[in-house]
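Below is one structure, written out as structure tokens; comments come after it.
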């Protein structure tokens with residue numbers, strides 16, 4: 001695994017969490033639209049009696065999954081922060097933290113630090129060369 005792949009794990013996990021949050025919002029909207037139909041027809045005993053209850057259970061399951069992912073994200077960002085802290089130069093650490101911990105875009109970082117993009121990319125490449133990935137990490141976790 002490259003240093004860039006290792007550091008990018010938090011961003012990818014954050015994107016997955018955002019996607020799941022959108023799914024929860026969509027399910028909440030669906031739950032609000034669920035209605036009960038009262039008929040005299042017999043029902044299938046193996047089928048759930050309430051579409052709203054099914055939707056609410058799905059929302060709860062998804063929220064539990066999001067909470068687990070958030071815990072993982074916090075742990076991963078803590079681990080990545082420790083790795084970045086080991087980088088020798090303060091300027092390199094700042095660039096890596098803004099990109100991989102704060103998830104800022106290259107133009108945002110360039111403006112904040114007063115660099116043009118080309119120079120920022122060169123510094124980033126040099127910073128990645130200074131990153132020491134923990135030996136016990138062999139594959140991306142997320």
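All but one of (1) in contact (Cβ under 8 Å) with a residue 24 or more places away in the chain; (2) more than 20 Å from residue 9 (Cβ to Cβ); (3) assigned to a helix (DSSP H, G or I) hold for residue 88; state the number of the condition that does not hold.
It fails just one condition, (3).
Would you call residue 81 surrounded by 11 or more Cβ atoms within 10 Å (Cβ to Cβ) and farther than 14 Å from residue 2 by Cα?
On the way: surrounded by 11 or more Cβ atoms within 10 Å (Cβ to Cβ): yes; farther than 14 Å from residue 2 by Cα: yes.
It is true that residue 81 is surrounded by 11 or more Cβ atoms within 10 Å (Cβ to Cβ) and farther than 14 Å from residue 2 by Cα.
Which residue out of 127, 110 is buried (at least 16 other Cβ atoms within 10 Å of the Cβ), touching a helix residue (DSSP H, G or I) at 6+ places or on another chain (Cβ under 7 Å) and without any contact (Cβ under 8 Å) to a residue 24 or more places away in the chain?
Numbers: 127 fails: without any contact (Cβ under 8 Å) to a residue 24 or more places away in the chain.
None of the other options fit; the residue is 110.
Would you mention how many residues in the range 113-124 are exposed (fewer than 11 other Cβ atoms within 10 Å of the Cβ) and assigned to a loop (DSSP other than H, G, I, E, B)?
Pass one, the range 113-124, residues exposed (fewer than 11 other Cβ atoms within 10 Å of the Cβ): 114, 116, 118.
Those still in the list that are assigned to a loop (DSSP other than H, G, I, E, B) too: 114, 116.
Matching residues across the range 113-124 total 2.
Throughout, read-outs are computed from the coordinates displayed, never taken from laboratory work. What you see is a predicted model; the values in this text were computed from it and never measured. Cβ sites come from the backbone with ideal geometry, for glycine too, and all protein chains shown count toward neighbours.
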